Amino acid sequence: MAALYGEVSWFCCGNSWGPCGSTGHGSCGTCNSGSRQHAWPNASDACFAITRPDRCGENLLRRTCGHVHTTTNRCNGKAVATSIADCGPQTDLFCGERTCCGTVCGSNRVIDLTPSAYSAIASLSSGLTPAMVS
Amino acid sequence: MDRRRLLTTAVLGGAAGLVGATALGSLSPEDVWAAEGANAKINPGDPDPNFVEGRVTAVSDAVVFVTSSDGTYHSIRVTTGTSIWKLNPSTLDEVKVGDGLYARGVRMPDNTLAADSLWVNIVNLNAHVDSIGRGHLNLDHHGQRVVAHVEQGRSAAVYNNTPAVSDMSMLQAGKHVKVIGAWHPDTNEITISTVYAAV
């Protein structure tokens, strides 16, 4: 797939503490915060109907549970390979949102990583990061 | 010296090693990521051996004992180079029994995790704003009510692509937000670090 540019964030899933305790194992039934996984907005018809990245001008391919994407933090060049374990993020709720580090920017939330995966390329406290997904 | 070797030296070398780590300067996340060749060895979808999630059961000397949500036990070694986030940059003495945490580091031969970073009580919530009170937001997170407190001088808001500001007045009930914050253990309350909102 051609490289996709946008924002990456993180989300918790699986058994966990605090507010994350109610999130479950994701739409694929395999999601855990400690595993190298991610959520993808076009993982099924039902998923796409919720996330609607097309409303933000994002044409994301249908990719289903287990498909591997590589996400590169465009602020530091670090990359992580993860497999789809959930549906998300809900891209259309934040159409046009933009995150920058210096002159490098990413628009629209296109992928959510587990804490394990996100922390391999950025600090969890950063929340949103410009990214390239391939 | 790469990050893995540095942490190994710091942990296995005891106090002298810790001083050595300090003398080499702050152990920035970039240093860690640059040296963390282990990233390439972890298959997509697999558990990450260099990452721990769980609740703190004890803190002794420079070791944080954690029980993960799957019931496994972990010992996390903190060095002078470990960065600790607990709403703000923090120190080990602010890590308490009952706190939740995520940790990233390097596995030592004795299976302890030499920590590069600890994120204590950090949450990242995608939620619906039910209502806005004096100094707090009432959020709906997966059907659960979460009270998100605003801490003056610390909590910030990002509206679309604006820089973070302390002004929360543009937040609206009925809208969705993403909140990075710190959980108050064993409650449904958090303190907001940054709230991201579309306006």
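Taken together, the values in this text are just the output of simple stated rules run on the coordinates, not laboratory data. This structure is a prediction, so every number in the text was calculated from the model and none was measured. Heads up, the Cβs are rebuilt from the backbone with ideal geometry, glycines too, and the neighbour counts pull from every protein chain shown.
At-a-glance table
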| quantity | calculated |
| --- | --- |
| Residue among A:Ser126, A:Ala39, A:Cys12 farthest towards the positive dipole end of chain A, charges placed on Cβ | A:Ser126 |
| For the protein assembly as shown, calculated [θ]222 nm from helices alone, where every DSSP H run of n ≥ 4 adds -39500 (n - 2.57) | -3000 deg cm²/dmol |
| Choice from A:Leu93, A:Leu124, A:Leu61 with maximal GNM fluctuation in chain A (Cα, 10 Å cutoff) | A:Leu61 |
| The range B:55-162: translational diffusion in µm²/s, Stokes-Einstein, Kirkwood Rh over Cα pairs, 25 °C, 0.890 mPa s | 155 µm²/s |
| Cα gyration tensor, the range A:25-99 - rounded (a/c under 1.5), prolate or oblate | oblate |
| Part-to-part distance (alpha-carbon centres) for the range A:1-66 and the range B:91-107, which is given in Å | 27 Å |
| Anisotropy class of the range A:4-133 from Cα gyration tensor, a/c 1.5 cut | oblate |
| Cα gyration tensor, the protein assembly as shown - rounded (a/c under 1.5), prolate or oblate | prolate |
| Charge tally in the Cβ shell below 15 Å around B:Ile190, where Lys, Arg are +1 and Asp, Glu are -1, B:Ile190 excluded | -2 |
| Charge tally in the Cβ shell below 14 Å around A:Ala49, where Lys, Arg are +1 and Asp, Glu are -1, A:Ala49 excluded | 0 |
